[in-house]
Amino acid sequence: PLPRPKAEPLPWATSLEREVVRCPKCDRRMEVATHGPVKCPICEIKFTVEAGRQANERVRRASESGEEEEPAPRPKSRRPPPRPKRRAAAETAPLGCFGTLLSLIGAMFTATLWVFVVLVGIVAVAVFVFAVLNK
C-alpha cells in the first residue's frame, strides 16, 4: 500500500477561536469565528468581524456614558407564515361526507333543472311548429 498524502487542513477548520460581536445594523449579539464574513440571522446582512467589534465598542461607549442608544428596529422576518395544521381524518370525515352529499344533491338538482329547461324548450318549439302548420 502507498502512503496516503497528508490532507492540508482547511483554514476555517483550524482556528477554533471565537468571539462575541454585535451586528452593526440591529445590535444582536452573536458568537462568531474570528475570521471570515459574518451573516446576521435577524437582519441577514453580511459584515466583517471587525465591523462587529466596532459595534461592540459603540454599544459599550453608549452604556458607559449613560446614554440610552435607541436600538435599531428589528426587521420583519423573511420566513413564510406558518401553515395551518391539518385536521385528523376522524375530524374531517363527517364534514367530508356531508359536503359530498350536498354536492351530489346540488348536482342532481342542477341536472334536473337543465332537463326541465330542455323539455320546456322542446314543448315550446313543438307548439310553435304545430301552430304554424295548422294555419
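The values are calculated or read from the model by the stated rules, or taken from the named source; none is laboratory data. Given the structure is predicted, the values throughout are model-derived calculations rather than measurements. Neighbour counts are summed over all protein chains in view; Cβ atoms, including those assigned to glycine, are modelled from backbone coordinates with ideal geometry. To get the accessible areas, we keep the full protein, side chains included, count just its heavy atoms, and leave off ligands, DNA and RNA. Shrake-Rupley method; radii C 1.70, N 1.55, O 1.52, S 1.80 Å.
If you go through segment 74-86 one residue at a time, do you hit one that is open to solvent by 100 Å² or more (accessible area, probe 1.4 Å), modelled with pLDDT of 90 or more and basic (Lys, Arg)?
Looking through segment 74-86, none of the residues is open to solvent by 100 Å² or more (accessible area, probe 1.4 Å), modelled with pLDDT of 90 or more and basic (Lys, Arg).
Pairs, please: C-beta under 8 Å, at least 6 apart or cross-chain, first residue under 15 Å from Arg28 (Cβ atoms) and in segment 60-81, second modelled with pLDDT of 60 or more and open to solvent by 100 Å² or more (accessible area, probe 1.4 Å)?
Ala72/Lys25
Before we move on, is Gly106 farther than 30 Å from Cys26 by Cα, part of a helix (DSSP H, G or I), modelled with pLDDT under 75 and open to solvent by less than 80 Å² (accessible area, probe 1.4 Å)?
Spelling it out, it is not the case that Gly106 is farther than 30 Å from Cys26 by Cα, part of a helix (DSSP H, G or I), modelled with pLDDT under 75 and open to solvent by less than 80 Å² (accessible area, probe 1.4 Å).
Residue under question is Lys25, and the condition is that it be at pLDDT 60 or above and open to solvent by 100 Å² or more (accessible area, probe 1.4 Å); does it hold?
So Lys25 fits the description; yes.
Which count do you get for residues in segment 31-51 that are within 21 Å of Arg78 (Cβ to Cβ), free of Cβ contacts under 8 Å to residues at least 12 places away in the same chain and not in a loop (DSSP other than H, G, I, E, B)?
Total meeting the criteria: 2.
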